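Report on the structure given below.
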């Protein structure tokens, strides 16, 4: 039997379409893991008429880790920074496990609200450079990005559960 793993998806709505494409590819690869059964939670799962803030906070509390889908808009969102990121990272200390991934390009030297000290997943290129998801210009490269990230998540879980 596979161990259930719930992850909370924190992303900027401005990049909803790219996020959905990435998550679709990612879930395909995560679904192949023989040991873990991954399920995601996103804010579009909140039922009509429910208190969205309470639903988000409850989902963060109940998740095994946060998937932080980074973009300039992510770092510009007061709600994400104050109500989501702050539940995973506060004053440089990890409160709850998270995995940051670079969706839309930004300068890594910018103020990343405490994430500067943590490894952000970018796809390693043959020349040694690293690229954000939005710089993967073909479906095949986008799929490779998601496949490599899923391998990193699985590795991180296996190390953390030893």
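Would a scan of the stretch 118-138 turn up a residue that is touching a helix residue (DSSP H, G or I) at 6+ places or on another chain (Cβ under 8 Å), assigned to a helix (DSSP H, G or I) and either under 17 Å from residue 30 (Cα atoms) or free of Cβ contacts under 8 Å to residues at least 40 places away in the same chain (or both)?
no
Kindly provide the set of residues from the stretch 100-117 that are surrounded by 13 or more Cβ atoms within 10 Å (Cβ to Cβ) and either part of a helix (DSSP H, G or I) or on the phi > 0 side of the Ramachandran plot (or both), ordered by number. Even if it seems obvious, please write down each step before you answer.
As a first pass, look at the stretch 100-117 and keep what is surrounded by 13 or more Cβ atoms within 10 Å (Cβ to Cβ): 100-106, 108, 112-115.
Listed by number, the residues that qualify are 113, 114, 115.
A short reminder: the numbers here are calculations on the coordinates, not readings from a lab. What you see is a predicted model, and the numbers here were worked out from it, not measured in a lab. Please note: Cβ atoms are built from the backbone with ideal geometry, for glycine as well, and neighbour counts cover all protein chains shown.
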